[in-house]
1. Closer than 28 Å to GLN108 by Cβ, open to solvent by less than 60 Å² (accessible area, probe 1.4 Å) and of a type in the set (D, E, K, R): does that describe ASP134?
2. Looking only at the stretch 102-131, count how many residues are open to solvent by 20 Å² or more (accessible area, probe 1.4 Å) and modelled with pLDDT of 85 or more.
3. Answer with yes or no whether TYR146 is in contact with a Ser or Thr (Cβ under 9 Å, 6 or more places away or on another chain) and either modelled with pLDDT under 95 or surrounded by 14 or more Cβ atoms within 10 Å (Cβ to Cβ) (or both).
4. Looking only at the stretch 6-59, count every residue that is at pLDDT below 65 and β-branched (Val, Ile, Thr) and tell me the total.
5. What number of residues within the stretch 84-101 are free of Cβ contacts under 8 Å to residues at least 24 places away in the same chain and surrounded by fewer than 14 Cβ atoms within 10 Å (Cβ to Cβ)?
6. Give all pairs with beta carbons closer than 6 Å in which a residue from the stretch 184-207 that is farther than 19 Å from LEU150 by Cβ meets a residue that is at pLDDT 95 or above and surrounded by fewer than 21 Cβ atoms within 10 Å (Cβ to Cβ); count only pairs at least 6 apart in sequence or on separate chains.
7. Of everything in the stretch 156-207, what is more than 17 Å from PHE138 (Cα to Cα) and aliphatic (A, V, I, L, M)? Give them in sequence order.
8. Among the residues of the stretch 197-211, how many are open to solvent by 60 Å² or more (accessible area, probe 1.4 Å) and either among the hydroxyl-bearing types (Ser, Thr, Tyr) or within 19 Å of the chain's Cα centre (by Cα) (or both)?
Amino acid sequence: MAPVTDISSGTEKVINPTKGMTLKQKISYFSTYYLPKILFVAGIAALLAAFVFIVNRKHTPYVNMLFINHHQTDVVDIEDTLIPLLEELGKDPRNNIEINASVNMDLQDFGTYEAKNTFDALIASRDFSLFFADEDIFDACADATYFRYLSEYLSEDEIKAYGEENIIYGYDDLTGENYICGIRLTPENCDWIKNTNYESCCMGVIFSDVEDKDIKPVLRYILDYKTAD
């Protein structure tokens, strides 16, 4: 299957690689010289197309909260309270709320090892912005520098209005200082908490990939929430 060449110009050049070949020879030539290259390019194109599809398909909910020891995975009632906020922001409530309340654990009970692994994986995902938990879990996370400074989202007067007994301090492992990282919420100081099955809980802004501009409206909405009379 040697190609036909022209040496009239002093340099051997291929005129028509398939000239004089039978159909079978042409198919064999194509399969040998061109098909591997075409398949390689097509494979790269398919991988790129799949990557673009996955990236575009991935959706990050606008509201993303983590509830620990909520003891009730059905959070429809909580989601319903957030619909007015999302509608005001022009977002579809059907796919812009993610609330995970599946983790229940006792830090003193090694039988909850699996729950602790699940908890660690959720924290490591950096997908959640607001964090709600009972006091023991929240205090442990505060000591481990899980939370952002609450002063980045609320004024000093707003924080003080909750009372010193409801302000929670965390440890900053970079500066070695204590800082305000959370608020203890009760039905008396937060109407919104009545929609959960917490009698009281602690709330903070957890370190994540969620931007501040998307955290502040949700935080403000929850703290200012008023139950309809």
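1. The answer is yes for ASP134.
2. 15
3. Against the criterion (in contact with a Ser or Thr (Cβ under 9 Å, 6 or more places away or on another chain) and either modelled with pLDDT under 95 or surrounded by 14 or more Cβ atoms within 10 Å (Cβ to Cβ) (or both)), TYR146 does not qualify.
4. 7
5. Looking only at that region, the number is 6.
6. As it stands, the answer is none, since no pair meets every condition given.
7. Within the stretch 156-207, ILE159, ALA161, LEU174 meet the criteria.
8. 3
The values are calculated or read from the model by the stated rules, or taken from the named source; none is laboratory data. Note that this is a predicted model, so its numbers are computed, not measured. Reconstructed Cβ throughout: ideal geometry from the backbone, glycine too, with neighbour counts over all protein chains shown. What goes into the accessible areas is simple: the full protein's heavy atoms, side chains included, and nothing from ligands, DNA or RNA. Shrake-Rupley method; radii C 1.70, N 1.55, O 1.52, S 1.80 Å.
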